[in-house]
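Engineer: This is the structure I have questions about; it appears just below.
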Amino acid sequence: MRRREFITLLGGAAVAWPLAARAQRPAMPVVGYLYGGSPESSVQRVVAFRKGLNETGYIEGDNVAIEFRWANDRTDRLPEMASDLVRRGVAVIATPASTPAALAAKAATTTIPIVFGIGSDPVQEGLVASLAKPGGNVTGVAWLTGELGAKRLGLLHELLPKAMRVALLVNPNNPLTAPYVKDIQTMAPSIGVQIDIFTATNNREIDSAFASLAQKRADALLTGADALFNDRRVQIAMLAVRYAVIAMYTNRDFTEAGGLISYGPDLAGMIRQTGVYTGRVLKGEKPADLPVMQATKFEFVINLQTAKTIGLEIPPTLLARADEVIE
């Protein structure tokens with residue numbers, strides 16, 4: 001064999017070996033990530049989800065791919081997005097921090113595993129048969145936001161014991177709204193507070209709601225948990241400062257964006273756990289055998305800089321109980 005022919009043959013073999021190796025490599029599993037909000041406001045949540053996947057040995061781009069679907073606060077788009085993920089044949093659909101997305105995924109498939117992260121009762125929502133034994137193709141993490149309304153109202157009352165009228169800003173299209181409003185309205189009479197409800201389904205209505213609650217001279221504000229509000233948290237925090245409204249928010253994202261105080265579950269930790277569960281399902285575990293996890297860690301955060309901006313003195317007792325004080 002001539003030298004040139006040998007080199008040509010060797011080069012061809014060198015090319016063929018990697019191609020054969022790639023052909024034998026199993027197809028990379030794809031996770032469908034479905035959320036009702038926007039990617040711009042969800043950076044840290046995606047980081048938490050990836051961290052959970054990493055803990056189970058999955059690294060995006062290495063041995064797992066993620067297909068993101070963002071409804072950008074248009075929850076009516078979620079059913080079609082969920083159906084699209086089903087048509088693409090993803091291995092798992094994950095819906096971190098979005099009850100509407102979880103419901104859309106549940107309606108779209110009875111076979112593809114679904115891992116949710118929601119703020120409502122998954123049994124009442126019809127997602128699982130029970131917390132201990134989910135059954136079917138769905139499991140995940142729940143933090144029962146609807147049951148935190150009274151707790152937030154109580155903290156707000158400690159901050160402003162003389163407050164008589166408290167505004168409640170909610171999205172009427174969110175399934176979490178009804179139990180959340182009920183929880184707050186049930187407690188309000190016991191502390192002598194009147195609840196005025198304001199609704200918003202887009203950023204323009206958020207502006208209008210703040211103008212209305214200021215006109216009605218609300219003493220304080222509670223917000224509901226919602227993807228729209230989380231996406232617009234900077235807008236909401238700035239409006240509260242502009243109108244000098246003492247506001248209590250649902251999670252630390254708001255206080256980090258300039259909101260005054262927040263009380264809620266450790267969302268980063270809960271979303272990380274949805275990533276862990278997603279990884280476990282990719283490894284072969286069945287959602288029916290993975291019990292729904294519930295929140296055990298809650299965070300009370302105070303933004304002292306915002307308090308100074310609006311001229312509010314935070315009682316030392318509340319400062320002492322805060323999990324974090326932003327200065």
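Engineer: Only residues that are under 26 Å from Ala102 (Cβ atoms) and among the aliphatic types (A, V, I, L, M): list them for the range 168-207, please.
Structural biologist: Leu168, Leu169, Val170, Leu176, Ala178, Val181, Ile184, Ile197, Ala200, Ile206
Engineer: Select from the range 126-163 the residues that are acidic (Asp, Glu) and more than 18 Å from Thr99 (Cβ to Cβ) and list them in ascending order. Don't jump to the end; show me each part of the working.
Structural biologist: Initial filter on the range 126-163 (acidic (Asp, Glu)): 147, 158.
Hit for the range 126-163 is Glu158, nothing else.
Engineer: Please tell me if Asp266 is more than 27 Å from Met164 (Cβ to Cβ), surrounded by fewer than 20 Cβ atoms within 10 Å (Cβ to Cβ), among the acidic types (Asp, Glu) and in contact with a Phe, Trp or Tyr (Cβ under 9 Å, 6 or more places away or on another chain).
Structural biologist: yes
Engineer: Could you tell me which residue of the range 28-42 is nearest to Ala101 (Cα to Cα), considering only residues that are open to solvent by 10 Å² or more (accessible area, probe 1.4 Å) and part of a loop (DSSP other than H, G, I, E, B)?
Structural biologist: Let us first name the residues in the range 28-42 that are open to solvent by 10 Å² or more (accessible area, probe 1.4 Å), namely 28-30, 38-41.
Narrowing the set further to residues that are part of a loop (DSSP other than H, G, I, E, B) leaves 28-29, 38-41.
Details: Met28: 24, Pro29: 21, Ser38: 13, Pro39: 15, Glu40: 18, Ser41: 16 Å.
It comes out as Ser38.
Engineer: How many of the residues in the range 67-95 are modelled with pLDDT under 95 and crowded, with 19+ Cβ neighbours inside 10 Å?
Structural biologist: Residues flagged as modelled with pLDDT under 95 and crowded, with 19+ Cβ neighbours inside 10 Å within the range 67-95 amount to 2.
Engineer: Next question, about the same structure. Considering every residue within the range 46-55, establish whether at least one is crowded, with 19+ Cβ neighbours inside 10 Å and closer than 30 Å to Ile206 by Cα.
Structural biologist: The answer is yes, given that some residue of the range 46-55 is crowded, with 19+ Cβ neighbours inside 10 Å and closer than 30 Å to Ile206 by Cα.
Engineer: Would you mention how many residues in the range 225-250 are part of a helix (DSSP H, G or I) and either open to solvent by 10 Å² or more (accessible area, probe 1.4 Å) or touching an Asp or Glu at 6+ places or on another chain (Cβ under 9 Å) (or both)?
Structural biologist: Number satisfying all stated conditions: 11.
Engineer: Could you please let me know if Asp253 is of a type in the set (Asp, Glu), buried (at least 21 other Cβ atoms within 10 Å of the Cβ) and assigned to a helix (DSSP H, G or I)? Before you say what the answer is, go through the steps one by one.
Structural biologist: Numbers: of a type in the set (Asp, Glu): yes; buried (at least 21 other Cβ atoms within 10 Å of the Cβ): yes; assigned to a helix (DSSP H, G or I): yes.
When the stated conditions are applied, Asp253 passes them.
Engineer: Mind counting the residues in the range 269-316 that are crowded, with 19+ Cβ neighbours inside 10 Å, touching an Asp or Glu at 6+ places or on another chain (Cβ under 9 Å) and either part of a loop (DSSP other than H, G, I, E, B) or of a type in the set (S, T, N, Q) (or both)?
Structural biologist: Total meeting the criteria: 2.
Engineer: Report the residue count in the range 43-61 for those that are in contact (Cβ under 8 Å) with a residue 12 or more places away in the chain, part of a loop (DSSP other than H, G, I, E, B) and among the small types (Gly, Ala, Ser).
Structural biologist: Going through the range 43-61 one residue at a time, the tally reaches 1.
The values are calculated or read from the model by the stated rules, or taken from the named source; none is laboratory data. Here the structure is a predicted model, which is why all the values come from computation and not from measurement. Counting neighbours? That spans all protein chains shown, and the Cβs are built from the backbone with ideal geometry, glycine included. Heavy atoms of the whole protein, side chains included, go into the accessibility calculation; ligands, DNA and RNA do not. Shrake-Rupley method; radii C 1.70, N 1.55, O 1.52, S 1.80 Å.
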